[in-house]
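Structure first, then comments.
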Amino acid sequence: MPDKNEKIGFIGLGNMGNPMARHLSSAGYELMIFDISSELSSQVAKDIGSTAAKNLKEIGKFADIIVTCLPNGKIVQDVMAGTGKLANVMNDGSLLIDMSSSDPIETGQLGGSLRELGISMIDAPVSGGVKGAHAGTLTIIVGGDAQDVERANSLLNVLGGKVFHVGRLGCGQAMKALNNLCSATGLLIVAEALKAGETFGLNPEMMINVLNVSTGRNNSTENKVKQFILSGQYEKAGFAMDLMVKDISTAVSFAQELKVSMPLGSKAVDVWSNALASLGGKPDHTEIARWVSDGKS
Ligand code: NAD
């Protein structure tokens, strides 16, 4: 059973954070929530029977553990130490769990500066998408000191059954970025294969049926193409393309810092970045397939 003695502050109530906060509330945690959109905060608080903080100061004073599920690490940094100054009001001995997909190196730096204020930090980015967040079946990839991970363990188990402690602070983020590089490259090649196959005269549904029982199958053939792409329901996938581009750029740039060559990864980042720029607005990541199909790649 989760340790319910710790009060939880949850920040970032978007596609992922909303269902995750809901699970924590249902599991019996004393929860305060916050989003930069106060309308969203109030709505979610009403829906899940929790309290919406009026500002970061209020949530910082309330919580023993702060969970962030924000668009990127720069925003986490800004909330904690930049304009938000949340770290200045957090209680001594409190814990930050960053469940956003953030930069691994910047995560290590943020953890170092928080430690000086008596605040511990672990990174715990997730995989499994909106579907996994709703089902409480996320894969959670954790980096940090063992005692901090142990402290977070029961809470993380509420959100996902597969919790991996992969190393020191930042390792979760490194693993997550590499996962998304594999995922994005897999989706891109499937989109290109569908375009070539269709142009040759193959039926795309039939192609997916064949791929899914053959060696070319991947997460996109199994869980994305029919569901969101061939059905034209791109936005239902619930993962914005700019977030995917952020993650795969993170992976390739830290590989570059380590002097690891990633020719295919770098090419994938170029193609995804072109798609994002050319589509404009805030497309879902699955729209890469429409862009490829329209001959824009
Ligand atoms: P989202 O854009 O739907 O939600 C982000 C939320 O953060 C929004 O509600 C926004 O208002 C809020 N926010 C932004 N700036 C803020 C600030 N300064 N203070 C407080 N709130 C602020 O994004 P999402 O899809 O929920 O993703 C959240 C994180 O999880 C990202 O880092 C993403 O890469 C990662 N992730 C997403 C998915 C997915 O399928 N959507 C899967 C795995 C990981």
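The values are calculated or read from the model by the stated rules, or taken from the named source; none is laboratory data. All values derive from a computational prediction rather than experimental measurement. Cβ placement follows ideal geometry from the backbone for every residue including glycine, while neighbour counts extend to all protein chains displayed. Side chains included, ligands, DNA and RNA excluded: accessible areas come from the protein's heavy atoms. Shrake-Rupley method; radii C 1.70, N 1.55, O 1.52, S 1.80 Å.
Could you tell me whether the stretch 278-290 includes any residue that is open to solvent by 50 Å² or more (accessible area, probe 1.4 Å), acidic (Asp, Glu) and at negative phi?
no
Which numbered condition trips up Gly132, out of (1) open to solvent by 10 Å² or more (accessible area, probe 1.4 Å); (2) under 17 Å from Met16 (Cβ atoms)?
For Gly132, the failing item is (1).
Mind checking which residues of the stretch 67-81 are open to solvent by less than 40 Å² (accessible area, probe 1.4 Å) and within 9 Å of the ligand (Cβ to nearest atom)?
Thr68, Cys69, Leu70, Gly73, Val76, Val79
Given the criterion under 24 Å from Lys131 (Cβ atoms) and under 19 Å from the mean Cα position of the chain (by Cα), identify the matching residue among Phe239, Phe254.
None of the other options fit; the residue is Phe239.
If you go through the stretch 226-275 one residue at a time, how many are among the acidic types (Asp, Glu) and either crowded, with 18+ Cβ neighbours inside 10 Å or away from the ligand (no atom under 16 Å from the Cβ) (or both)?
Counting residues in the stretch 226-275 that are among the acidic types (Asp, Glu) and either crowded, with 18+ Cβ neighbours inside 10 Å or away from the ligand (no atom under 16 Å from the Cβ) (or both) gives 3.
Out of the stretch 192-225, which residues are within 24 Å of the chain's Cα centre (by Cα), open to solvent by 70 Å² or more (accessible area, probe 1.4 Å) and either within 16 Å of the ligand (Cβ to nearest atom) or hydroxyl-bearing (Ser, Thr, Tyr) (or both)?
Once the filter is applied, which keeps residues that are within 24 Å of the chain's Cα centre (by Cα), open to solvent by 70 Å² or more (accessible area, probe 1.4 Å) and either within 16 Å of the ligand (Cβ to nearest atom) or hydroxyl-bearing (Ser, Thr, Tyr) (or both), the stretch 192-225 yields Asn219, Glu222.
For the stretch 17-36, state whether one or more residues are acidic (Asp, Glu), assigned to a helix (DSSP H, G or I), within 15 Å of the ligand (Cβ to nearest atom) and at pLDDT 95 or above.
The answer is no, given that none of the residues of the stretch 17-36 is acidic (Asp, Glu), assigned to a helix (DSSP H, G or I), within 15 Å of the ligand (Cβ to nearest atom) and at pLDDT 95 or above.
Run down Asp92, Asp64, Asp103, Asp98 and say which single residue is in contact with a Gly (Cβ under 9 Å, 6 or more places away or on another chain), within 14 Å of the ligand (Cβ to nearest atom) and open to solvent by 30 Å² or more (accessible area, probe 1.4 Å).
Asp103
Out of Lys54, Lys61, which single residue is among the basic types (Lys, Arg), assigned to a helix (DSSP H, G or I) and either touching a residue at least 60 places away in the same chain (Cβ under 8 Å) or over 25 Å from Ala135 (Cα atoms) (or both)?
Answer to the selection: Lys61.
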